[in-house]
1. Please give the length that would be gained between Phe142 and Thr176 if that part of the chain were fully extended, namely 0.36 nm times their separation in residues minus their C-alpha to C-alpha distance (nm, one decimal).
2. With a 10 Å radius around each residue's Cβ, average the other Cβ atoms per peptide and rank 212-219, 124-131, highest first.
3. Tell me, what is the FRET efficiency for Ser88 and Ser66 to the nearest 0.05, using R0 = 25 angstrom and their Cβ-Cβ distance as r?
4. Go through Lys131/Lys217; Lys29/Lys226; Lys40/Lys98; Lys29/Lys60; Lys168/Lys217 and tell me which ones have a Cα-Cα distance over 26 Å in this structure.
5. Between Lys81 and Val37, what is 0.36 nm times their sequence separation minus the Cα-Cα distance? Round to one decimal in nm.
6. Amide H of Leu57: which non-local residues (sequence gap of 5 or more, or other chain) have their own amide H closer than 5 Å, using H built in the peptide plane?
7. Which length gain, in nm to one decimal place, applies between Phe194 and Val95 when the Cα-Cα distance is subtracted from 0.36 nm times their residue separation?
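Read-outs throughout are calculated quantities, based only on the coordinates presented, and are distinct from any laboratory measurement. Bear in mind that the values here come from a model prediction, so they are computed numbers and not experimental data. FYI the Cβ positions are ideal-geometry reconstructions off the backbone, even for glycines, and counts take in every protein chain you see.
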Amino acid sequence: MNNKYLSVPSTFLPGVSGGLSTPLASFDKANVNAQRVATKLIANFFSKPLATEVHALASKPVFSVSGDKVVINVFYYLADKKALNNSSINSLGQVLSKLFKQPVELRFVRLHYPYLDSYILAQYIAINTAKYNFTRIQRAIFGALQFPVLKASELEDTTLPSYITGMKIRISGRLTTQRSVPRQTVQTAQVGSFSSSHIPSNSKASGIISSASFSTKNQKGAFTVKVWISQVANTS
């Protein structure tokens with residue numbers, strides 16, 4: 001992953017709070033097992049260059065199962081302008097339809113910035129630790145964020161469906177870009193606010209904190225990246 005993956009434009013975009021549909025209501029064993037297998041198949045689809053011609057990062061899928069079909073929502077991030085291969089997507093859909101034994105509708109939503117989903121951002125940071133130290137990574141990501149300063153009276157009038165108010169990043173473990181440090185080292189950085197005290201009680205806006213972690217290995221051992229993203233969602 002080269003330097004352009006850290007060159008995120010300094011423009012504000014509203015945050016994305018999570019899945020698009022309601023999670024599965026019936027937690028029977030067959031459906032739960034099918035979802036676990038489907039999650040692995042989708043992760044493999046996005047991780048293999050053959051599927052997209054470039055490495056893509058995907059969120060955790062959200063499943064919605066009805067009587068006649070299964071809807072699977074996934075956010076994904078591609079730094080390049082290339083698009084997903086439709087033929088590969090159709091092949092994946094066929095495999096998942098056989099798995100669930102009913103039609104599957106795949107809804108892949110592209111995000112143009114990795115910080116719009118906590119799990120995607122955790123993967124993005126983990127990948128970039130191979131070349132960049134923690135300070136450089138957090139400065140690049142935090143520098144791309146612009147937090148809107150809205151007064152209480154403006155919360156009702158804003159057209160933004162949601163916006164990021166704060167972000168926290170924590171890396172537990174040793175990175176290849178660091179000098180020799182203790183195995184239990186933890187690095188943390190935070191920007192913005194995680195408080196919802198500025199939201200009036202009579203407002204239709206609500207505070208949301210999404211979090212995700214991603215664990216992997218390097219030459220110095222295992223490490224984990226955890227991300228928290230604080231947002232205000234306008235529910236009017």
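1. 10.1 nm
2. 124-131, 212-219
3. Approximately 0.45, to the nearest 0.05.
4. Details: Lys131/Lys217 14 Å; Lys29/Lys226 30 Å; Lys40/Lys98 15 Å; Lys29/Lys60 20 Å; Lys168/Lys217 22 Å.
Violating the 26 Å Cα-Cα cut-off are Lys29/Lys226.
5. Using 0.36 nm per residue and subtracting the Cα-Cα distance, I get 12.9 nm.
6. Distant-sequence amide H within range of Leu57: Tyr77.
7. So the extension gain works out to 31.5 nm.
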